[in-house]
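Everything on this sheet refers to the single structure shown next.
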Amino acid sequence: MARIIVVTSGKGGVGKTTTSAAIAMGLAKKGFKTAVIDFDVGLRNLDLIMGCERRVVYDFVNVINGEATLNQALIKDKRCNQLFILPASQTRDKDALTKEGVGKILKELSKTFKYIICDSPAGIERGANLAMYFADDAFVVTNPEVASVRDSDRMLGILSSKSQRAENNDEAIKEYLLLSRYNPKRVKLGEMLSVDDVQDILSLHLLGVIPESQSVLTASNSGIPVILDENSDAGQAYTDIVNRYLGEEVPHRFIDENKKGLLGRLFGS
Amino acid sequence: MSSDPQKTSANFPAFEFKSGVITVPVLNVLSTDINVISHQLREKINQAPEFFKNSSLLIDLQALDDQELNLAALVDTIRNAEMVPIGIRGATAEQKHAAKDLMLPVMSAQRSTPAAPVEPAAKTITAPVVNDESASDKATTSIVGNTVIRQPVRSGQRIYVKGDLTIIAQVSAGAEIMAEGSIHVYGTLRGRALAGVQGDEGAGIFCSDLQAELVSIAGNYRISEDIDDAVRHAPVHIYLDKQALLINKI
């Protein structure tokens with residue numbers, strides 16, 4: 001039985017797709033058969049970040065409409081044979097997604113995959129609602145600024161009330177906080193919310209802090225999930241996050257500037 | 001609370017009018033045959049004589065569907081059974097007239113059909129209503145009593161309870177919690193909290209860290225901007241005193 005993870009935020013541009021790509025690649029590299037689905041119908045991006053945009057034949061909506069089989073639409077990653085991408089349709093809009101259709105696809109994927117990552121679109125409309133509806137775990141991606149934090153809070157409310165688990169009164173979705181674009185220097189100057197500030201507002205389990213990093217943009221533009229860039233701080237942050245999610249005890253880093261020495265030590269060991 | 005007796009002794013009020021609610025037994029009359037009623041009434045009373053002795057009683061004639069009934073005889077029967085009729089309802093014009101002669105008050109009939117009773121069904125504490133609301137702005141209704149919520153109330157969620165509301169978590173900015181009774185928040189209150197929404201001026205709001213966007217009791221409200229810095233980020237009790245909303249540190 002697969003574990004379904006939704007990567008969500010409410011607000012746009014906080015790093016959902018970057019995170020989806022990195023986490024999916026991280027889990028797949030650990031040997032788990034992983035699928036990553038782009039729910040952003042009409043504004044498809046995941047294929048670019050994953051670097052498979054030139055291999056898209058069929059998409060998510062085709063499968064929902066029965067115009068293609070799941071196997072025809074799934075794109076196997078060239079770098080990791082455990083990773084598959086289900087791209088969104090660029091020519092449709094989010095109304096093409098139906099609860100039944102999405103449910104059917106996730107059920108079918110669950111038979112063979114270990115992890116299914118749902119890359120949610122921004123907003124709280126149909127696409128976002130369907131991305132999180134069937135989830136077991138939620139990665140809430142938040143930037144250290146008030147608008148993003150409030151939108152995340154709103155999303156958390158929806159997660160706890162409008163998901164399948166909530167409607168069936170099952171065990172609640174496990175919610176994790178991923179704080180991205182974090183810059184300790186700017187936090188110190190008071191230009192950014194600190195980890196503690198965000199934790200205070202959201203009171204959520206912190207899965208990891210991803211530092212603001214040039215490597216993210218570089219990786220995105222070249223279609224390589226940033227987690228594959230082992231020398232970058234963001235790549236290492238995502239590796240930590242995957243390990244923590246899988247139950248390993250990994251100390252948090254990238255929170256304080258002066259812990260850079262520690263970073264070096266950890267990396268060396 | 002008490003007014004100065006020296007000032008008011010001249011026109012000290014000798015009484016005051018208040019509306020009150022009491023529960024009285026209602027005798028739903030289903031037959032017009034006084035003999036049958038009398039017989040069955042006695043049987044009933046014999047089962048618990050002390051319980052019925054001198055008990056006041058409201059006579060409800062609605063079930064008779066306007067059939068004729070000798071009201072005077074019925075009242076006699078009841079009095080003979082040592083019970084005290086205090087009024088009738090659901091009566092026909094003629095029966096009302098008879099009641100007047102018998103010095104019995106006529107109450108307005110409860111026009112609820114048996115199917116309609118609006119009693120909030122359960123007396124159980126149902127699962128927190130957090131789950132109900134998020135995107136829709138329909139308020140959720142819980143039952144009278146105390147409702148306990150253990151998860152954070154997130155931005156955009158609305159909670160409405162008939163009785164008291166206790167939240168053992170934070171209330172986020174952009175959330176709205178409403179109670180017909182009092183509100184207790186064991187956590188940071190950042191959203192809007194409205195207590196006594198049906199006009200209960202005795203309701204209060206208690207929270208362990210006040211950062212609310214708005215607090216209101218029985219319609220008397222204060223927005224964040226008007227909350228004194230001295231009581232911000234502090235555990236407080238918010239209550240109403242003579243229409244003035246007071247915020248005191250606990």
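Please list the radius of gyration and Dmax for the range A:159-210, considering alpha-carbon atoms only, with Å as the unit.
When restricted to Cα atoms, the range A:159-210 yields Rg and Dmax of 14.7, 46 Å.
Out of every Cα pair in the range A:1-80, what percent are spaced more than 19 Å from each other? The partial results should precede the final answer.
On the way: 1245 of 3160 pairs.
Considering the range A:1-80, 39 percent of its Cα-Cα pairs are separated by more than 19 Å.
List the lysines whose Cα sits under 27 Å from the Cα of A:Lys107, skipping any in the same chain fewer than 8 residues away.
The reachable lysines, counting only those whose Cα sits under 27 Å from A:Lys107, are A:Lys16, A:Lys29, A:Lys30, A:Lys33, A:Lys76, A:Lys78, A:Lys94, A:Lys99, A:Lys162, A:Lys174.
Roughly how many debye, to the nearest 20, is the charge dipole of the range B:140-249 about its Cα centre, given +1 on each Lys and Arg Cβ, -1 on each Asp and Glu Cβ, and no other charges? Don't skip to the answer; put the middle values down first.
On the way: 10 positive and 12 negative charges, 70 e Å.
So the magnitude is around 340 debye.
Report Rg/Rh for the range B:157-250, rounded to two decimals, where Rg is the Cα radius of gyration and Rh the Kirkwood radius. Intermediate values should be presented prior to the final figure.
Numbers: Rg = 11.4 Å, Rh = 12.4 Å.
Across the range B:157-250, the Cα-based Rg/Rh ratio is 0.91.
As an exercise, find the ratio Rg/Rh for the range A:84-166 from alpha-carbon atoms, using the Kirkwood inverse-distance average for Rh. Please report the intermediate quantities before stating the final value.
Numbers: Rg = 13.5 Å, Rh = 13.9 Å.
Result: Rg/Rh = 0.97.
Looking only at other chains, what is the average number of their beta-carbon atoms within 10 angstrom of each beta-carbon in A:149-155? Can you show the working numbers first?
Numbers: counts 3, 6, 3, 3, 13, 10, 4.
For this peptide, the per-residue mean of nearby foreign Cβ atoms is 6.
Over the protein assembly as shown, what is the percentage of antiparallel beta bridges among all DSSP beta bridges, to the nearest 5?
Working: 15 of 79 bridges.
Just about 20 percent of them are antiparallel.
Could you check which residue among A:Ala131, A:Ala28, A:Ala166 shows the biggest mean-square fluctuation in a GNM of chain A with a 10 Å Cα cutoff?
Highest fluctuation of the listed residues: A:Ala166.
Quantify how much of the Cα-Cα distance distribution of the protein assembly as shown extends past 34 Å, in percent.
Details: 74823 of 134421 pairs.
The answer is 56 percent, as a whole percent.
Between A:Lys104 and A:Asp196, what's the calculated FRET efficiency when r is the beta-carbon distance and R0 is 30 Å? Round to 0.05. The partial results should precede the final answer.
Values: r = 43 Å, r/R0 = 1.43.
Between A:Lys104 and A:Asp196 the formula returns 0.10.
Please determine, in degrees from 0 to 90 and to the nearest 10, the orientation of helix A:146-162 with respect to the longest principal axis defined by the Cα atoms of chain A, where the helix direction is its Cα long axis.
On a 0 to 90 degree scale, this one is about 40.
How far apart, in nm, are two points set 7 Å out from the Cα along the Cα-to-Cβ line at B:Lys53 and at A:Thr69?
The two pseudo-label positions are separated by 8.8 nm.
I need the phi-derived Karplus couplings for the range A:68-84: 6.51 cos²θ - 1.76 cosθ + 1.60, θ = phi - 60°, integer Hz, Gly and Pro marked x.
8, 7, 4, 5, 5, 7, 5, 9, 7, 5, 7, 8, 9, 6, 8, 10, 10
Protein chains only, probe 1.4 Å: how do A:Leu177, A:Leu193 rank by accessible area, largest first? Walk me through the numbers before you get to the answer.
Details: A:Leu177 0, A:Leu193 35 Å².
Accessible-area ranking of A:Leu177, A:Leu193, largest first: A:Leu193, A:Leu177.
Based on the Cα gyration tensor of chain A, what are the three equivalent ellipsoid semi-axes, each the root of five times an eigenvalue, rounded to whole Å and given largest first? Intermediate values should be presented prior to the final figure.
On the way: eigenvalues 169, 88, 55 Å².
They are 29, 21, 17 Å, listed largest first.
So for each of A:246-256, B:200-210, A:101-111, A:84-94 I average, over its residues, the number of other beta carbons within 10 Å; can you give me the resulting order with the highest mean first? Walk me through the numbers on the way to the answer.
Working: A:246-256: 13.6, B:200-210: 19.8, A:101-111: 16.0, A:84-94: 21.5.
My ranking of the peptides, most packed first, is A:84-94, B:200-210, A:101-111, A:246-256.
The values are calculated or read from the model by the stated rules, or taken from the named source; none is laboratory data. The structure presented is a predicted model; accordingly, all values stated were derived computationally and were not measured. Here Cβ is always computed from backbone atoms with ideal geometry, including for glycine, and neighbour counts include all displayed protein chains. For the accessible areas, the whole protein counts, side chains as well, though only heavy atoms, and no ligand, DNA or RNA atoms are used. Shrake-Rupley method; radii C 1.70, N 1.55, O 1.52, S 1.80 Å.
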